[in-house]
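Beneath this line is the structure, given in C-alpha cells, with notes to follow.
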Amino acid sequence: MPVERVILAEPRGFCAGVEKAIKALAWMVRVFEPPVYCYHEIVHNRHVVDQFEAQGVVFVDDVSDVPPGAPLMLSAHGSAPEVVDAARADGRVVVDAVCPLVTKVHHELKVRARKGYTVLYVGHHGHEEAVGTMAVAPASVRLLERAADVDALDLPGGADGSGPEVALLAQTTLSHDEWAGIVDRARERFPDLWMPNRSDLCFATTNRQAALKALAGRCDAVVVIGSDNSSNTVALAQVAEDFGCPRVVRVNDASELPDDLSGTVGVTAGASAPEALVDAVVARLAPVSGIERAAVTVEEEYFPPPPELRELLRGLEAALGLLNSVPGPGATADAPVRRVLADDRTTAAADVLEQIAALG
Ligand code: SF4
C-alpha cells in the first residue's frame, strides 16, 4: 500500500539558535582562509557538519588542537568557562555561537551557586550542553536523568523542608514529559525548591513537540528527521510514541526511509535538521493524496549574530575595506556591514548553506 497522505508538523527544523550558529560559521568561512576551527559540531546534524567540512572547517573536541592565532567558533550548545578561556588564549579569533537560551541557564546556575544553593540539573549525561552548563559551577550541581535520581540524592532534607536550599534547572532540549516527572518528584522532596520564572525548556523544543503531539495520534507512522546525537530529535521520537503513533522512524535523510511505510505518515524534523532533508523525505514518500500542514504556532524568534562576529565584520570594514570583496548572505557590491547585519534577520540559514555549497 502506498503512502496515502503526509502530515507535516509546523514548526519543525531549524530553530533561531541553529539559524544564528550556521549563519555565523558561514561568515567565518567567508572571512578567513581555511582552516576555520569549530569546537564541537556547530549543531548536531551530520549533513550540516559535512557541508562545513567541505568548506575547510575543522571540528575539534579539544581547543588545544587549534593553533595559536587561528579562527575558532564555539558551538551552539554552549561551552564550559574554562574552554572559553582556553580558546581565547594564544591570540585566537574566537566567536561564541552559544544559543542565548543556553546562556540563560548558565547564568541561572552561576547565580544560584553563588547564593549557596545546591543545583539539580535535569539533563542527559555526556551531552555537550549538559557538560558545558554543569562546568559553570561543578561543586554545586548534581545531574538528574530520571525521577528515581531525586530519591537517590544524598542531600539532607525531607518533606518538612529542612535541609539545604535547592534549585532545579534543565537542559533546554528535554521533552516536556521527561521533565515533568522529575519536577514533580523534586517538588515533593524539596518543597521550597527554586525554579526560574521562565522555563529552561526552550520555545523551539516545546513548539516542535506540541506540533507533533497534535498529529501523532492520526498517523500510521511518524518520520522524525535528525541525528541520533541531537537531543531534541530523540525527544521528538519519544513524543510521537508517547502520543499514540504505532510506528516511529528516525532517519538522517531520505535514503534511510524504510520501504514499507503506508497510510498516513507524519513528518517532522529536529531543530538542527535542514529543510532540504524534509523536502527529500516528502518527495520519497510521494503521498498519493497530497500533503497536509499541521501548524500549532508561527515562530518569530530571532537571535542576532554573536557580538564578536559583529565586531569582527565592523573591524574588517573599517580597517581593510574588505567586506565588499567577500560574497556573503545579503552582501552586494554596495552593501556596508550595517546593511548586511540588518539583513541577517531575513536571511535563512538554509539559503546560506546552499550558497556555501555553491562556493565549491
Ligand atoms: S533548540 Fe532551543 S536552546 Fe537549542 S539552539 Fe535551538 S533555540 Fe537554542
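The values are calculated or read from the model by the stated rules, or taken from the named source; none is laboratory data. The structure presented is a predicted model; accordingly, all values stated were derived computationally and were not measured. Counting neighbours? That spans all protein chains shown, and the Cβs are built from the backbone with ideal geometry, glycine included.
Just give me the residues in segment 204-255 being of a type in the set (Val, Ile, Thr), surrounded by fewer than 23 Cβ atoms within 10 Å (Cβ to Cβ) and within 16 Å of the ligand (Cβ to nearest atom), in sequence order.
Quick first cut of segment 204-255, residues of a type in the set (Val, Ile, Thr) only: 205-206, 222-225, 233-234, 239, 248-249, 251.
Narrowing further to those that are surrounded by fewer than 23 Cβ atoms within 10 Å (Cβ to Cβ): 206, 234, 248-249, 251.
Within segment 204-255, Thr206, Val234 meet the criteria.
For segment 96-130, the tally of residues that are acidic (Asp, Glu), in the same structural domain as Glu165 (by TED's automatic domain parsing) and farther than 15 Å from Glu165 by Cα stands at 2. Evaluated against (1) within 16 Å of the ligand (Cβ to nearest atom); (2) surrounded by 15 or more Cβ atoms within 10 Å (Cβ to Cβ); (3) at pLDDT below 95, Arg198 falls short on exactly one condition, (2). Filtering segment 106-139 to residues that are hydrophobic (A, V, I, L, M, F, W, C) and within 14 Å of the ligand (Cβ to nearest atom) leaves only Ala130.
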